[in-house]
Each structure stands twice: as structure tokens, then as C-alpha cells.
Amino acid sequence: MIHAYTGDGKGKTTAAVGLLIRAYGAGRRVGVVFFDKGSETYRHNELVVLDRLGIEYHITGLERMKPDGSFRFGTLEEDRVEAARGIELATAIIAEKRLDLLVLDEALTTMTYGLLEKKAIEELIDTCPKELELVLTGRCTDKDLLEKADLVTKMVKHKHYFDRGVKARSGIEF
Ligand code: ATP
Ligand code: MG
């Protein structure tokens, strides 16, 4: 099945990581490509746990969280290069058929930012073997693309403390 966790509310990456752990617990071969965690500033705490559990992960994408906990918007050329690298990794993993569940965290956001062609994601979905559970996360308003998924969950922001200036916190936001 193809899952898409999207929307402007908190919980997309944490839901995907939760599913990863559940599937791993069931003995499935699982892995994840992160499209936005190439940080030298932050220790993304979920990675610590994936390391401990021995879960395969790949990191691509430049960090968007700044050292002061605010966010970088806009696009650098390197963002595009990193997005393309993420898709190449995902394509290779899918072709090798060595996983039962693959998470592509923030792949949808990457497309929404224009760092990836929509076609690149569509091709991944179209070539995804039946046996593979594919989980895509990130903000996305492209109805046609979301329509391709078997499951779409939208996290809706009703209220978020960031709107009153609370900065990203270790263990909660990263
Ligand atoms: P989580 O990783 O907590 O499940 P998410 O994957 O749904 O969240 P992202 O868009 O990846 O959400 O954002 C990562 C974290 O940063 C989230 O906890 C989110 O609430 C927070 N965040 C998102 N946008 C902003 C912003 N503009 N300013 C500050 N923090 C933000
Ligand atoms: Mg996220």
C-alpha cells in the first residue's frame, strides 16, 4: 500500500517513524530515506533510536532548522542536488526489493518546494512493487498525486505553539 501523511499539522514524521518501528517489531525489513535531515547543527533524536535498533536509514537534504530554532525557507542549488540524490537512493532500494516497508520522509515537501519534479514521485509510486509498503510524508496539496496513494492522512493544524513564537525543541520537534 502507498501511504501519504500530509497537512500543516504536527505529526507526519513521527507517524512514519512510529509505523517503521511497528513494522520492524513484526519482523518486516524496513528502511527510511530522510529528505531534510542533513544537519550538522542538530542531532535528530529519532536517528539515535534507529541506530540502536539497527534500522536502515539514509540522510539527504540540507537542514531547514536554524541553530536558533527558526526555519530556513527558499531554495539553494544544493537543495535540488540533495533531493535528486534522495530519489536515486529510493529508486535503488525499490529496485533491489530488499525492504518490505520504505519511508520517504518529507519527499512530498521536497516536491512542493519545487526541488523535485512531481513526475519523480509519480514514477516511484508507479514502479512500487505490490509487496512494498511505501510511506510518503510532507506537505502537499497536489490532489492528483495524493489520489495515487491508498491511504492519505492529513494532519490539520488547529493550534500550534510555534505561532506564538515557541522555538523547535529537542525531543519534541527534532
Ligand atoms: P513531526 O516531526 O513532529 O512529526 P511533521 O513531520 O509533521 O512533525 P515538519 O513540517 O517536518 O512536521 O516539521 C518538523 C517540526 O518542526 C514539527 O514538530 C513542526 O511542528 C515544526 N515546524 C514546522 N514548521 C515550522 C515553522 N514554520 N516554524 C517552527 N516550527 C515548525
Ligand atoms: Mg516532518
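Scanning region 151-168 for residues that are charged (D, E, K, R) and near ligand 1 (Cβ under 9 Å from one of its atoms), which turns out surrounded by the fewest Cβ atoms within 10 Å (Cβ to Cβ)? Checked region 151-168; the qualifying residue surrounded by the fewest Cβ atoms within 10 Å (Cβ to Cβ) is Asp163.
Glu117 meets all of the listed conditions (1) more than 16 Å from ligand 1 (Cβ to nearest atom); (2) surrounded by 15 or more Cβ atoms within 10 Å (Cβ to Cβ); (3) under 26 Å from Met65 (Cβ atoms) but one, namely (2). Just to check your reading of the model, which residue among Ala90, Ala107 is among the small types (Gly, Ala, Ser), more than 25 Å from Tyr161 (Cβ to Cβ) and within 14 Å of ligand 2 (Cβ to nearest atom)? The match here is Ala107. Over 20 Å from Asp36 (Cβ atoms), more than 15 Å from the chain's Cα centre (by Cα) and more than 16 Å from ligand 1 (Cβ to nearest atom) - does that describe any residue in region 79-87? No, the conditions are met nowhere in region 79-87.
What are the residues in region 117-174 that are under 20 Å from Lys10 (Cα atoms), hydrophobic (A, V, I, L, M, F, W, C) and in a loop (DSSP other than H, G, I, E, B), if any? Listed by number, the residues that qualify are Cys140, Met155, Val156, Val166, Ala168, Ile172, Phe174. Scanning region 133-150 for residues that are away from ligand 1 (no atom under 16 Å from the Cβ) and either aromatic (Phe, Trp, Tyr) or under 27 Å from Phe174 (Cα atoms) (or both), which turns out surrounded by the most Cβ atoms within 10 Å (Cβ to Cβ)? Among those residues, the one meeting the criterion is Leu134. Residues that are within 22 Å of Asp142 (Cα to Cα) number at least 2 in the following helices (runs of 4 or more DSSP H) confined to region 1-116: 12-25, 77-96, 107-112. Before we move on, is Gly25 away from ligand 2 (no atom under 11 Å from the Cβ), in contact (Cβ under 8 Å) with a residue 40 or more places away in the chain, out of contact with any Pro (no Cβ under 6 Å at 6 or more places or on another chain) and not hydrophobic (A, V, I, L, M, F, W, C)? No, not satisfied.
Read the figures in this text as sums done on the coordinates, not as results from a lab. Worth saying up front: this structure is predicted, and the values here are computed from it rather than measured. For neighbour counting, all protein chains shown are included, and Cβ atoms are generated from backbone atoms with ideal geometry for every residue, glycine included.
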